[in-house]
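J.: Take a look at this one; I'll ask things after.
Computed from the coordinates by the stated procedures, all read-outs in this text should not be read as laboratory data. Because the structure is predicted, anything quoted here is derived from the model rather than measured. Quick reminder, even Gly has a Cβ in these numbers, built from the backbone with ideal geometry, and neighbours come from all protein chains shown.
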Amino acid sequence: MEKPMGRRFAVGYALASKKQASFIQISLINVAKEKSIDLIKIDLETPLIEQGPFDLVLHKIYGAEWRQQLNEYSAKHPKALIIDSPDAIERLHNRISMLQVVTELGVIECHDTVSFGIPKQIAVYDAEAVAEMDLNSKGLKFPVIAKPLVADGSAKSHKMSLVYNRDGLSKLKPPVVLQEFVNHGGVIFKVYVVGEYVKCVKRKSLPDVSEENLGALKGSLSFSQVSNLNNLERSRDTYYKMMDLEDGKTENPPMNFLVDIAKGLRAAMGLRLFNFDVIRDTRVGNRYLVIDINYFPGYAKMPGYEQVLTEFFWDVLNNDTKDADFDSCKAGCDEDGGAPNLPVLPLKRKEEENPIQV
Ligand SMILES: Nc1ncnc2c1ncn2[C@@H]1O[C@H](COP(=O)(O)OP(=O)(O)OP(=O)(O)O)[C@@H](O)[C@H]1O
Ligand SMILES: O=P(O)(O)O[C@H]1[C@H](OP(=O)(O)O)[C@@H](OP(=O)(O)O)[C@@H](O)[C@@H](O)[C@@H]1OP(=O)(O)O
Ligand SMILES: [Mg+2]
Ligand SMILES: [Mg+2]
């Protein structure tokens, strides 16, 4: 990243206070400043259109009113980059449409020893239907994970339950997604994407459930954000010690495979800032399943995130095209980077398919 001459850039950020506290570290402000990028807080109490001007608006705020504000801002400042587009982010607010995109990626060439997909899942909208549901007829069997259909960042949207039998089903509060629980050795891979940069970290996950034990388990088990910790626990040092697995036992998925999936998702969704969670299906071995995609995740947990994000801002701010080209991907990975070319997927997605209704 070259140091620019003269010109300074203004990056406005609109974030909830929790996100702001974790992401906007002094270290990030300083690294960005050094590269002539000023990070400026957007006051959410004042109309966006009265603030700035910003070269780039970075945001993770939900709701129609904010979208309206962004539209007005774009109309007044057509050259300002809005990262990312609210329409593209919206797709991640529904756990069916979120994973639909993975199934649309098709085969990734050059990876004949590994495959990827998503777990079987259905959306259920009605409490009676869920209580009476015959899972087998839907191609599912116990245990299943019940996830709120809506993934809007609220605490409620992270409340999951592992459902072992019919008793557990009757306690669910639709709309929910029932997703096949896949044994994966208690390890999850979180793949962080920042534009062209891709980083994979290993975290603890739910332990495997054996068929023999299934009969003895009570209806369901509730949990929330197992691979994450609450704010109090999340001082940066202790976080790594507690959650990052350095067990040396679980092999990472091939990095160039993850980079190709990241690149495909980035192009298909038209998003530049997201992460996706991957588990390895222990029944099959080299089959990986994407189970969750999150917009603007906890980047501050990545060592060196200040440089990664600053380089990203610099790249998009100095790129003439507003859509920033999504057609190349460099790995910021610890391992064998070099990504073979994937067919470039259209930025514009197909008309949203209806979630499966029961
Ligand atoms: N299909 C599955 N099979 C096995 N374990 C799963 C499955 N889906 C989710 N899990 C486990 O449950 C956890 C929570 O699920 P998920 O990632 O979908 O929730 P979330 O609240 O959206 O998470 P995040 O905090 O990453 O946004 C995962 O991290 C993983 O440990
Ligand atoms: O809390 P953190 O900053 O660490 O980030 C988490 C983020 O919360 P925040 O956006 O409120 O901060 C979550 O967003 P919502 O689904 O709740 O919108 C989700 O993206 C998690 O996956 C992130 O954790 P990670 O996946 O990186 O472990
Ligand atoms: Mg997750
Ligand atoms: Mg999530």
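J.: Could you let me know the centre-to-centre spacing of segment 10-77 and segment 254-314, using Cα atoms, in angstrom?
T.: First find each Cα centre; the distance between them is then 23 Å.
J.: Extending each Cα 7 Å along its Cβ direction at His158 and Ala75, get the distance between those two points in nm, one decimal.
T.: Going from the His158 label point to the Ala75 one covers 3.6 nm.
J.: Here is a further query. Shape call for segment 1-123 from the C-alpha gyration tensor, a ≥ b ≥ c root eigenvalues: rounded (a/c under 1.5), prolate (a/b greater than b/c) or oblate?
T.: Prolate is the answer for segment 1-123, as a/c is 1.5 or above and a/b outweighs b/c.
J.: Would you mind classifying segment 94-156 by shape? Square roots of the alpha carbon gyration tensor eigenvalues, ordered a ≥ b ≥ c; an a/c under 1.5 is rounded, otherwise it is prolate if a/b is larger than b/c and oblate if not.
T.: Oblate shape, in that a/c is at least 1.5 and b/c is the bigger or equal ratio.
J.: Could you tell me which residue out of Ser27, Tyr73, Tyr62 lies farthest along the dipole of segment 18-99 toward its positive end? Charges go on the beta carbon: Lys and Arg +1, Asp and Glu -1, centred on the Cα centre.
T.: Sorting the options by dipole projection puts first Ser27.
J.: Beyond 18 Å between alpha-carbons counts as too far, so tell me which of Lys147/Lys173; Lys156/Lys202; Lys199/Lys301; Lys35/Lys301; Lys41/Lys190 fall in that bin.
T.: Checking Cα-Cα distances, Lys156/Lys202; Lys35/Lys301; Lys41/Lys190 exceed 18 Å.
J.: So, one more: Could you rank the peptides 207-216, 21-30 by their average count of other C-beta atoms within 10 Å per residue, with the highest value first?
T.: With the highest mean Cβ count within 10 Å placed first, the list reads 21-30, 207-216.
J.: Going by C-beta contacts inside 10 Å, put Ile145, Ile49 in order with the fewest on the left.
T.: Ile49, Ile145
J.: Just need the Rg to Rh number for segment 53-94, please, alpha carbons only, Kirkwood Rh.
T.: Here the Rg-to-Rh quotient is 0.96.
J.: Then there is this: Output the relative contact order of segment 32-175, whole-number percent, from Cα pairs under 8 angstrom with separation of 6+ residues.
T.: 18 percent
J.: Between Ser210 and Ile29, 0.36 nm times their residue separation minus their Cα-Cα distance comes to what?
T.: Difference between extended and current length: 60.3 nm.
J.: What are the semi-axes of the equivalent ellipsoid of segment 122-165, taken as the square roots of 5 times the eigenvalues of the Cα gyration tensor, listed largest first and rounded to whole Å?
T.: Each semi-axis is √(5λ); the values are 21, 12, 9 Å.
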